[in-house]
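Participant: My questions all concern the structure below.
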Amino acid sequence: MNALRFPDDFVWGAATSAYQVEGATTEDGRGVSVWDTFAAVPGNVKDGDTGDPGADQYHRYPEDIELIADLGLSSYRFSIAWPRIQPTGSGKPNQKGIDFYRRLVEGLVERGIRPMATLFHWDLPQELQDRGGWENRDTAARFADYAEIMFDALHIRDWLTINEPKTVVDCGYRFGSHAPGFEDDARAFVACHHLLLAHGLATRISHERHPGRRIGPALNLHPTYPVDDTQEARQAARLQDGVENRLYLDPIFKGFYPEDTLRWISERSPMRDHILEGDLATISEPIDILGVQYYTPIYVNGDMERVHVHPRAQAEWLEIYPEGFYDILVRLKTDYPGVPLVITENGLPTTDEPGPDDRVRDVGRIEYLRDHLSAMHRAMKEGAQVEGYHVWSLLDNFEWAEGYSQRFGIVYVDYSTQRRIPKDSALWYRDVVKSGELR
Ligand code: FCB
C-alpha cells in the first residue's frame with residue numbers, strides 16, 4: 001500500500017468517559033449515578049465489576065496527561081460526571097467536582113492537548129432516575145442547567161452533548177443490559193425524545209452564552225444492510241436504518257422524525273404524545289460538529305433480525321467491517337452535509353496481555369486501526385468532511401456490562417497496580433500521528 005497522507009491540521013486523539021475511567025465514585029461529594037446502582041445489582045455486570053477502581057483517572061490524571069502528550073496526540077475526549085457537579089442532579093454545583101475538571105483541562109492545555117468534553121456519557125444522577133429519568137421531560141431541563149454550569153466553568157472550544165442516545169434507548173430501556181435496566185419499548189422511545197430534547201436545549205444555551213464555541217452530539221451510526229437481496233430484507237434494512245440512524249440524524253439535521261420510523265415506534269410506544277410544539281425546533285438547533293462513532297455494521301433479514309456476516313471481535317456485537325466506516329461517512333456527506341465530522345470513537349477489544357518483556361503485542365488492534373483509518377481516508381478523499389479521529393479508548397477501562405473483561409485501550413491497565421503500559425498499537429498510532437501518514 002502507498003502511504004496515505006492526512007491533512008496537516010488533522011486532529012489525532014483518544015477518548016474515554018468518566019464512569020469508565022475515573023473510579024473514586026464516592027469521593028469529594030460525588031453523588032450516586034444510575035451506573036453505580038445498576039452495577040451494584042448482582043448479575044448486571046460481569047464478575048460483579050463496578051466503576052471502581054476504573055483506571056483511577058480521578059487521581060492519576062497528571063500521569064494520563066503525560067501519556068497523551070507522549071503519544072503525540074492533539075486531542076483528548078473525556079466526559080464530565082454529572083453527579084460530581086450536581087450530586088442530586090439539580091441545584092447548587094459541587095465546587096470540588098468542578099475543580100477536578102478544571103485541573104484536567106488546564107493540564108491538557110498546558111501540554112498543547114485540546115480538551116473535548118462530553119456532557120453526558122450515561123452516568124445520570126440516581127435522584128433524577130428516581131424521578132423518572134429520561135422518561136421525565138424535566139430531566140432535559142435539568143440537563144440544560146447542568147450544561148450551563150459547565151459551559152461557564154470550563155474554557156473549552158469543542159463540546160459534545162449526549163453520547164450515543166441510541167445506546168441509552170436500546171441497551172438501557174429496550175434490552176435491559178445497561179442502566180437503568182428496563183425492557184420496555186413504550187418507555188424507551190419516550191426517553192429517546194427527551195434525550196434529543198436535552199441535546200437541543202444544551203446546544204442552544206451554548207450558542208447563546210458562548211458564540212464561537214462548537215457543540216454537537218456524539219452518535220453511534222450503524223450502516224445497515226439487507227442480508228440478502230429479497231425485497232423483505234431490503235425493506236427491513238431500510239426500517240432498521242431508521243431506528244439506528246435516521247431517528248437521531250433527521251430531527252437534529254432536518255427538524256423532523258422520519259415518518260416510517262415514527263410509524264414503527266407508534267406501534268410500540270406513546271412517544272408521539274410527548275413531542276410538544278417547538279420541540280423539533282429545539283432539537284434541530286444547528287450543530288457545529290457531529291461526533292461520529294463507528295464500530296459495526298448491522299445486517300438484517302426480512303424479519304428485521306440481526307444476522308452476523310463478518311468476523312467478530314471479543315465483543316460479540318462488533319463485526320469487523322472497515323468498509324462500513326467508509327459507507328457511513330460518505331452517506332453523511334450526501335444526506336447530512338455541511339457539518340464537520342469528528343470521529344469521537346472507533347476501536348475494538350482484544351485479549352492481549354503483557355509478555356515477560358512487558359510488551360503487549362496487540363496486532364489485531366493495529367490491523368483494525370489501519371484498516372479503519374484507511375477507509376476513513378478514502379471517504380475523506382471523496383469529500384467526507386472529517387477533521388479528527390479519536391480512538392476508543394486511551395486506556396483499558398470499565399466496559400459497562402462486560403466490566404473489566406473487555407480491554408479497548410491502546411494503553412494496557414494493570415488494575416491491581418494501576419500501572420499503564422502502552423500497547424504495540426499505541427506505539428504504532430504514535431508513529432501515524434507523528435508522520436501524519438498511514439503506511
Ligand atoms: C460505545 C461507548 C463507549 C464504549 C464503546 C466500546 O458504545 O460509547 O463508552 O463502551 O462503546
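The values are calculated or read from the model by the stated rules, or taken from the named source; none is laboratory data. Please read all numbers here as calculations on a predicted model, not as lab measurements. Cβ: placed from backbone, ideal geometry, glycine included. Neighbour counts: every protein chain shown.
Participant: Residue by residue through segment 13-37, note down the ones that are among the hydrophobic types (A, V, I, L, M, F, W, C) and within 15 Å of the ligand (Cβ to nearest atom).
Facilitator: Correct list: Ala14, Ala15, Ala18, Val21, Val34, Trp35.
Participant: Taking Arg365, is it assigned to a helix (DSSP H, G or I) and within 16 Å of the ligand (Cβ to nearest atom)? It would help to see each step written out before you state the result.
Facilitator: Working: assigned to a helix (DSSP H, G or I): yes; within 16 Å of the ligand (Cβ to nearest atom): yes.
When the stated conditions are applied, Arg365 passes them.
Participant: Scan Gly364, Gly388 and give me the residue that is surrounded by 18 or more Cβ atoms within 10 Å (Cβ to Cβ), small (Gly, Ala, Ser) and in contact with a strand residue (DSSP E or B) (Cβ under 8 Å, 6 or more places away or on another chain).
Facilitator: Gly388
Participant: Moving on. Among what's in segment 324-362 and is assigned to a strand (DSSP E or B) and in contact (Cβ under 8 Å) with a residue 60 or more places away in the chain, pick the residue that is farthest from the ligand (Cβ to nearest atom).
Facilitator: Our first condition is that a residue be assigned to a strand (DSSP E or B); within segment 324-362, this holds for 341-345, 350.
Checking which are in contact (Cβ under 8 Å) with a residue 60 or more places away in the chain leaves us with 342, 344-345.
Values: Val342: 14, Thr344: 8, Glu345: 6 Å.
Residue satisfying both the conditions and the ranking: Val342.
Participant: Considering segment 253-284 alone, what residues qualify as being among the acidic types (Asp, Glu) and surrounded by fewer than 14 Cβ atoms within 10 Å (Cβ to Cβ)? I'd like the intermediate steps shown before the answer.
Facilitator: Filtering segment 253-284 for residues among the acidic types (Asp, Glu) gives 259-260, 267, 273, 277, 279.
Glu259, Glu267, Asp273, Glu277, listed by residue number.
Participant: Considering only residues that are within 14 Å of the chain's Cα centre (by Cα) and of a type in the set (Val, Ile, Thr), which ones fall in segment 1-20?
Facilitator: The answer is Thr16, and nothing else.
Participant: Sort out which residues of segment 259-276 are more than 13 Å from Arg137 (Cβ to Cβ) and without any contact (Cβ under 8 Å) to a residue 40 or more places away in the chain, and write them in order of number.
Facilitator: Glu259, Asp260, Thr261, Leu262, Arg263, Trp264, Ser266, Glu267, Arg272
Participant: Report yes if Ala198 is buried (at least 24 other Cβ atoms within 10 Å of the Cβ), farther than 25 Å from Asp327 by Cα and touching a strand residue (DSSP E or B) at 6+ places or on another chain (Cβ under 8 Å), otherwise no.
Facilitator: Spelling it out, Ala198 is indeed buried (at least 24 other Cβ atoms within 10 Å of the Cβ), farther than 25 Å from Asp327 by Cα and touching a strand residue (DSSP E or B) at 6+ places or on another chain (Cβ under 8 Å).
Participant: Yes or no: Glu183 at pLDDT 95 or above and closer than 25 Å to Phe325 by Cα?
Facilitator: It is false that Glu183 is at pLDDT 95 or above and closer than 25 Å to Phe325 by Cα.
Participant: When you check Lys434 against the structure, is it at pLDDT 95 or above, among the basic types (Lys, Arg) and closer than 23 Å to Tyr326 by Cα, yes or no? Break it down into steps so the answer makes sense when it comes.
Facilitator: On the way: at pLDDT 95 or above: yes; among the basic types (Lys, Arg): yes; closer than 23 Å to Tyr326 by Cα: no.
In short, no.
Participant: Another question about this same structure. Assess whether Arg142 counts as being of a type in the set (Lys, Arg), touching a residue at least 40 places away in the same chain (Cβ under 8 Å) and either within 16 Å of the ligand (Cβ to nearest atom) or surrounded by fewer than 21 Cβ atoms within 10 Å (Cβ to Cβ) (or both).
Facilitator: The answer is no for Arg142.
Participant: Oh, and also: State which residue is farthest from Trp392 (Cα to Cα) when the search covers only segment 155-181 and only residues that are basic (Lys, Arg) and either away from the ligand (no atom under 11 Å from the Cβ) or part of a loop (DSSP other than H, G, I, E, B) (or both).
Facilitator: Among those residues, the one meeting the criterion is Arg174.
Participant: Let me spell it out: the conditions are (1) touching a helix residue (DSSP H, G or I) at 6+ places or on another chain (Cβ under 8 Å); (2) in contact (Cβ under 8 Å) with a residue 60 or more places away in the chain, and Asn163 meets all of them except one. Which number is the exception?
Facilitator: (1)
Participant: Select from segment 208-233 the residues that are of a type in the set (A, V, I, L, M, F, W, C) and away from the ligand (no atom under 16 Å from the Cβ) and list them in ascending order.
Facilitator: Listed by number, the residues that qualify are Ile215, Val227, Ala233.
Participant: Is segment 34-48 home to any residue that is among the charged types (D, E, K, R) and either over 24 Å from Arg419 (Cβ atoms) or under 20 Å from the mean Cα position of the chain (by Cα) (or both)?
Facilitator: Checking segment 34-48: at least one residue is among the charged types (D, E, K, R) and either over 24 Å from Arg419 (Cβ atoms) or under 20 Å from the mean Cα position of the chain (by Cα) (or both).
Participant: Return the residue satisfying two criteria in turn: it lies in segment 285-320 and is closer than 13 Å to Pro349 by Cβ and either buried (at least 16 other Cβ atoms within 10 Å of the Cβ) or touching a residue at least 12 places away in the same chain (Cβ under 8 Å) (or both), and of such residues it is farthest from the ligand (Cβ to nearest atom). Let's see the steps before the verdict.
Facilitator: Initially, segment 285-320 is screened for residues closer than 13 Å to Pro349 by Cβ, giving 295-296, 312-318, 320.
Add one more test, that the residue is either buried (at least 16 other Cβ atoms within 10 Å of the Cβ) or touching a residue at least 12 places away in the same chain (Cβ under 8 Å) (or both), and what stays is 295-296, 313-315, 317-318, 320.
Details: Tyr295: 6, Thr296: 10, Ala313: 10, Gln314: 11, Ala315: 7, Trp317: 9, Leu318: 8, Ile320: 14 Å.
If we take residues in segment 285-320 being closer than 13 Å to Pro349 by Cβ and either buried (at least 16 other Cβ atoms within 10 Å of the Cβ) or touching a residue at least 12 places away in the same chain (Cβ under 8 Å) (or both), then Ile320 is farthest from the ligand (Cβ to nearest atom).
Participant: Could you name every one of the helices (runs of 4 or more DSSP H) located completely within segment 1-82 that has at least 2 residues being more than 17 Å from Ser405 (Cα to Cα) and hydroxyl-bearing (Ser, Thr, Tyr)?
Facilitator: 57-70
Participant: A follow-up question, please. Is it the case that Arg5 is touching a residue at least 60 places away in the same chain (Cβ under 8 Å) and away from the ligand (no atom under 16 Å from the Cβ)?
Facilitator: Against the criterion (touching a residue at least 60 places away in the same chain (Cβ under 8 Å) and away from the ligand (no atom under 16 Å from the Cβ)), Arg5 qualifies.
Participant: Restricting segment 302-350 to residues that are of a type in the set (S, T, N, Q) and out of contact with any Lys or Arg (no Cβ under 7 Å at 6 or more places or on another chain), which is nearest to Asp414 (Cα to Cα)?
Facilitator: Going through the qualifying residues, I end up with Gln314.
Participant: Residues that are in contact with a His (Cβ under 7 Å, 6 or more places away or on another chain), at pLDDT 95 or above, under 19 Å from Ser206 (Cβ atoms) and in a strand (DSSP E or B): does segment 98-114 have at least one?
Facilitator: Within segment 98-114 (the criterion being in contact with a His (Cβ under 7 Å, 6 or more places away or on another chain), at pLDDT 95 or above, under 19 Å from Ser206 (Cβ atoms) and in a strand (DSSP E or B)), the answer is no, since none of the residues qualifies.
Participant: Still on this structure: Does Glu148 satisfy the condition of being assigned to a loop (DSSP other than H, G, I, E, B) and over 17 Å from Ala18 (Cβ atoms)? Working first, answer last.
Facilitator: On the way: assigned to a loop (DSSP other than H, G, I, E, B): no; over 17 Å from Ala18 (Cβ atoms): yes.
Against the criterion (assigned to a loop (DSSP other than H, G, I, E, B) and over 17 Å from Ala18 (Cβ atoms)), Glu148 does not qualify.
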